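First comes the structure, then the notes that go with it.
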Amino acid sequence: MKPTDPDPKVDNRFRWLPTAAKHYHLHKEQGTSIRTIARSLGCHASTVSRQVRRIERMRDDPAVKATLDKLKHVQPLKSTQQPHKSEPEDARILRLLGTKGAVLVLAENMHKALIVCEEPPKPPHQLAGFRQKWRKLWQCRAC
């Protein structure tokens, strides 16, 4: 298993998080040691340590900080619980981001985040816009 492969130890609620953010959450919020995370991935502890430090450096970004703060309150799933189903808007955004030429457009003073499609020779065109709540979430996902 490569460090970029999905981590089988992380429950499905964190599928959308970048690998480094998952490892940060496991280490900082759930108390899993870096060596344990690395062992489960089959990689060296220094790889996981670098990923955790990279997320720590990104905490200055308000959107990243807000998302990480929300993750603090997430409890690990118990074996009897089922993961939450994705919301329809979340699935739509993922589908649109998978479109050829799709680009996520974010800026500090924008009220909405946009997904724009760039396919030369056509001019760029907007595929979707989404609310502030989703904008903050997707801004962290784009890290």
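The ellipsoid that matches the Cα gyration tensor of the range 12-72 has semi-axes, each √(5λ) in whole angstrom, of 19, 12, 10, with the longest given first.
For the range 20-32, the Karplus equation 6.51 cos²θ - 1.76 cosθ + 1.60, evaluated at θ = phi - 60°, returns couplings of 4, 5, 4, 5, 4, 4, 4, 6, 7, 9, 9, x, 6 Hz by residue, with Gly and Pro reported as x.
Take every pair of alpha-carbon atoms less than 8 Å apart whose residues are at least six positions apart; their mean separation over the length of the range 12-72 yields a relative contact order of 33 percent.
Read the figures in this text as sums done on the coordinates, not as results from a lab. Note that this is a predicted model, so its numbers are computed, not measured.
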